[in-house]
1. I need the peptides A:523-533, A:215-225 ranked by packing, meaning the mean over residues of other C-beta atoms within 10 angstrom, with the highest value on top.
2. What ³J(HN,Hα) values, in whole Hz, does the Karplus curve 6.51 cos²θ - 1.76 cosθ + 1.60 give for segment B:128-140 when θ = phi - 60°, with x put for Gly and Pro?
3. With everything on Cα atoms, drop me the angle between helix A:8-28 and the longest principal axis of chain A, reported from 0 to 90° to the nearest 10.
4. Divide by every residue of chain A the summed helix terms, -39500 (n - 2.57) for each DSSP H run of at least 4, and state the resulting mean residue ellipticity at 222 nm, rounded to the nearest 500 deg cm²/dmol.
5. Along the Cα-to-Cβ line of B:THR49, 7 Å from the Cα, sits a label point; which residues in segment B:265-303 have backbone N less than 16 Å from it?
6. Using 0.36 nm per residue, how much length does the chain from A:ARG121 to A:ASP524 gain when fully extended, once their Cα-Cα distance is taken away?
7. Report, by chain and number, residues whose modeled amide H sits under 5 Å from the one on A:ILE40, excluding near sequence neighbours (fewer than 5 apart, same chain).
8. Quick check: pseudo-label points 7 Å beyond the Cα along Cα→Cβ at A:GLU148 and A:ARG235, how many nm apart are they?
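Laboratory data are not the source of any read-out in this text; all were calculated from the coordinates shown. Quick caveat, the model's predicted, so the values are computed rather than measured. Heads up, the Cβs are rebuilt from the backbone with ideal geometry, glycines too, and the neighbour counts pull from every protein chain shown.
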Amino acid sequence: MHTKSISPWKEAVQAGLIAGAIAVLLNLVGMTTAFSGRYIVSGWFTMGQVLFLVPMFILAYTTARKIAPQPAMHTALAGLVCGVIGSAVQAGLVLLGQVVNLRAMFINASPQLFEILTFGRDLPGLLLLLLAGSIMGVVGAVIFLLPERLAKSVLQALLWILLLGLLRDLVSTVTAQWVIKTKAFPDWLGWAGVLITSLSTFINKTIYSASGLKPLSAIVLFLLVGAWAYWRYGRPKRARITGPLTRRQQTQRVLGLGGIALLFILLPSILGIFFAEILDNVGLYILMGLGLNIVVGFAGLLDLGYVAFYAIGAYAMGVLTSPELGFFNLTFWEALPFALLATVIAGVILGLPILKMRGDYLAIVTLGFGEIVRLLALSDWLRPWLGGTQGIQRIGQPTIGSIILDSQQDLYYLFLAAIGIVAFIAWRLKDSRIGRAWMAIREDEDVAMAMGINHVATKLLAFATGALFSGLAGTIFAAKLHSVYPHSMNFLVSINVLSLIIIGGMGSIPGVFVGAFVLIAAPDLLREFAEYRYLAYGALLVAMMLTRPEGLWPEERRRLELHEEEGEVPLGEPPPVLNTPGG
Amino acid sequence: MLRTWRQRITLTDIVVWAIGVAIGAVIIIGTIATLRSGKYSANTWLDLTVKGLALGGVYALIAMGYTLVYGILRMINFAHSEVFMSGPFTAVFLANALSRSGFMDRQPLIGMLLVLALSIAVSMTIAVLLERIAYRPLRHAPRLVPLITAIGASFFLQYVFRGLYGSGFQAYAIPKVLQGSITIGGLRIFNTQIAVILGALGMMFALYAIVQWTKTGKAMRAVSEDKEAAALMGIDVDRIISLTFALGGISAGAAGILYALLFPVVNFIMGFIPGLKAFTAAVLGGIGNVPGAFLGAMILGLIESIGPNLFLDGLGVPTPSQLKDAIAFTILVFILIFRPTGILGERMAQSKA
């Protein structure tokens, strides 16, 4: 193939401009300022500084990769050019801010931002900015020059430092409440109490400072993680399991699953009351994600109005149990089957008319359906039944015997039980006849129909199952808040769920869990991040589709399918059967 | 004969038709009841018609973006609603600055043109960048992939603009010339409505002329027919696709200013609902078809402004205007079910629909 000859200097200048543009955007949307209080390494640098310097690092690295092979000196120089230009663009922003009142338009172009960009040293600080930028550029380019194993280890160690620094508050809150818990330990567990207390002290006093990691511990951690990664990358890759499992592998697998289950059961106790609420949220989205995963991931039907079923479940629970409306006054458990039936019927009713639609149109129709449901719930017309803008209050709560499950921690176990059941169903469905029919429809509907798959029943089942899971999430949500409001049923819920299954990996059940923990828990844990939640989701979705469309924890078949042309299919394995490009 | 007919009708069709008939009956009964009650005078209906036409003009311009891109790439540019939002949300700062300095009232025409130019420039830039960064690398990916990218890009853009300009509402300063109204035979028409209708008609005509009568337009139509063949004829397909996005951005930017004349408040989520409506209009008229987008938008604008009162008031629905969006989306759902090719759309193979 004819390859274009690339001029390394042109590339470097271009990369520098792109890095500068990205950094200016991050500065102007206010992310730099928002994160400037959060130290990664105490006294050294903050997350805000990372944000406006890291674009130069990344772009220098990618430029180095693009222009390779080049002499080492040239690569480093290209990195330098990229870094200098990237920071010069930002310096230009600061200078412009001195002349013009940018704040009349860009609310985040505040004096505080300029102070951060100049490292608090007024205009001479711009030289520091240029210096830092060029260091980032050179380092980014030089890392590429290292042997691959070393480069990967260094990058991984850097990422871990970033993550550990960011999560400082989380770790310290969790360990602090461990110490409190040890006070209630019986005498014979005293040694464990001492151990936990000293561990907590070690983490909070030695590793972390009041904000971020301590410099020394950051260096030690960097070396430890780097060494560990270096050792791990050197090991031969574990062979993929091909034949039936041996007895030993089976035991390992059972033990592993048991361990994960035990971890989930103990999670609220380990993390403490403060996190139970966040865990409930994650649970809610895992439930919905498992449902949407069937519709989008298994059957390939892009549903943007998924919130409708959630709303129908929640509202059905409200109408059936709330004494305020006084229609039925059922208890939670009595109402549950009826509410779920309502969502299944809604799933079929939506499914019927759109059987013939594909891809884009389907997405828009389901989006319209979701909006219609919300607008109806909001309208004065249905106010006597659905409460209009006021919503429905005093919704029944789940009980077991005489215990009312109303604390966040109790609800966590309710979510856990529901997730357990739903995940089991989803897992069994996936490899069943119907699951394979879904995947066949996803890959090529015409071929699937020609093979004798009844597309009506198959698609309706996907919609109904997805609706059922989402409805279940809705009923528990209603019980959790004791109330439902039309405003909590907006399009953003659908987008949250869609993002989490796509980022986790479409069609992959563990992917739903990964996606939910990353996307739902992260904004709750890092409060600065909450503001930029959807910005980050959007960027993640685009970046994911461009670079890794199979997701973080991909489903095997989809990974093979998306990378078939790259020849990643290992030898000795049959080529993927279902590999016609979709559409 | 009967047997084949009975075999072809499935349970699905029956259910779908039953729902369709039920909704049709509701519309007819509601209309008759409203008209018989005589609650609204003829002038009210005319008022609503003018309002509907103005709204339809704006939808038509936004719909152009969907329809042009769909025609050429067979994809729904979900982020087009943000292309629409970006223009007016940026130009509001210029409009307000001009109005504060008094320039807007001294030179309303030049002032408005400046604001329009800025809005168009921003929307066009966003549209072109969007295509270059997010869509071009995915042109041969499975269909779901670019659609998800578009959804992601839509959210990214919304929240970038929120970060840049803040989450609050910005009020648009409307020049004095356009405030007020004229009365023709007892019918009061706002100056802004006239400006919007005229502006939309002019823009639509210009776009139609570009697509139909210029060499670039010819190239665009060629690319939408067959990309490979067009490339063989020496057409730079990438450039034409960029130009298509630019054209869509231009009409969205203009639509944004007209929209701001009708509803003089802008914020970062202003694009979502009009975007969805314009998409409905494009589908109603037949997506990929320029006059169809115009026709569909006008019909949708009229239904949206007249519909709630006409269809629902007679049925005793309180505050029917709350349901205007629900009516628009119901129309969307039903067109897609019964006639996915729209009013003027050519018969497409099912795989394209």
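1. A:523-533, A:215-225
2. Once θ is set to phi - 60°, the couplings for segment B:128-140 become 5, 4, 4, 5, 5, 7, 9, 9, 4, x, 9, 5, 10 Hz.
3. Orientation of helix A:8-28: about 60 degrees from the principal axis.
4. On the way: 26 runs with 391 residues, N = 583.
The helix contribution divided over chain A gives -22000 deg cm²/dmol.
5. Counting backbone N atoms under 16 Å from the label point, the list is B:298-303.
6. Taking A:ARG121 through A:ASP524 to full extension adds about 141.7 nm, to one decimal.
7. Counting only residues 5 or more places away or on other chains, the set is A:PHE45, A:THR46, A:MET47.
8. In this crude spin-label approximation the distance works out to 1.9 nm.
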